[in-house]
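Here is the structure we will look at.
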Amino acid sequence: MPFNTGWIEVITGCMFSGKTEELIRRLRRAQIAKQQVVIFKPKVDNRYSTTQIVSHSEQFLTSNVIDNPLEICDLGGKAQVIGVDEAQFFPPILVEVCERLADSGKRVIIAGLDQDYRGRPFGPMPELLALGEYITKTLAICMVCGNPADRTQRITQQQELVVVGARDVYEARCRKCFVPPPEP
């Protein structure tokens, strides 16, 4: 790991691939090392908890729930490590905030979907992937054929970009089994 500098780590992949689980693992290790850690998630993500980041495997850490990424700068304060879950739900200003934090010497760990339910780049994630020093792409298991999956298949008829849900709304799919929905 770099010394005496900040950096951005991006954990990305489809739903059910272990992004939040990996984020929690890294943040817990930082806490064990007695580093000051502050965690954030968007208010829209209320699937499992309104006050914690929670993995599908039920691991969790207490977090700050925010609407605006600029709040991270204020609430991050003296933290050495900043964690952000569900980054795809934040507006593009998140990229500038992460750059500013890393430039100030902080370790910034971001987790989020890289593709939306149509298989297109999602929110600020493409730019974060381009700017991050460390990139981890997690894979799930395709719910149709069992191959490695990197797509998120929406299994409902909703056409809004953001539909918060879990196994009742989405499945992990491989490239072959993913079926993009028709254009609205």
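Laboratory data are not the source of any read-out in this text; all were calculated from the coordinates shown. Everything quoted here is computed from the prediction, not taken from an experiment. Backbone-built Cβ (ideal geometry, glycine too); neighbour counts: all protein chains shown.
Points to keep in mind about this one:
- Cut-off under 5 Å, modelled amide H: who pairs with Arg151 long-range: Arg173
- In the chain, the longest principal axis of the Cα atoms and the axis of helix 93-103 are about 40 degrees apart.
- Summarising the strand pairing of the chain, around 30 percent of its internal DSSP beta bridges are antiparallel.
- Counting 0.36 nm for each residue step from Glu127 to Leu161 and taking away their Cα separation leaves a gain of 10.4 nm.
- By the helix-only formula, in which each DSSP H run with n ≥ 4 contributes -39500 (n - 2.57) and the sum is divided by residues, the chain has a 222 nm mean residue ellipticity of -6000 deg cm²/dmol.
- Take 130-140, 26-36 and order them by the average number of nearby Cβ atoms within 10 Å per residue, most first; the result is 130-140, 26-36.
- Taking other Cβ atoms within 10 Å as a rough exposure proxy, Met143, Met125 sort from fewest to most as Met143, Met125.
- Viscosity 1.002 mPa s, temperature 20 °C, Stokes-Einstein D of region 1-44 from Kirkwood C-alpha radius, µm²/s: 174 µm²/s
- Candidate aspartates and glutamates - alpha carbon under 14 Å from Lys137, same-chain residues fewer than 8 apart omitted: Glu9, Glu21, Glu22, Asp114, Asp150
- Kirkwood estimate for the chain, i.e. one over the average of 1/r between Cα atoms, Å: 16.6 Å
- Relative contact order for the chain, counting Cα pairs under 8 Å that sit 6 or more residues apart, in percent: 29 percent
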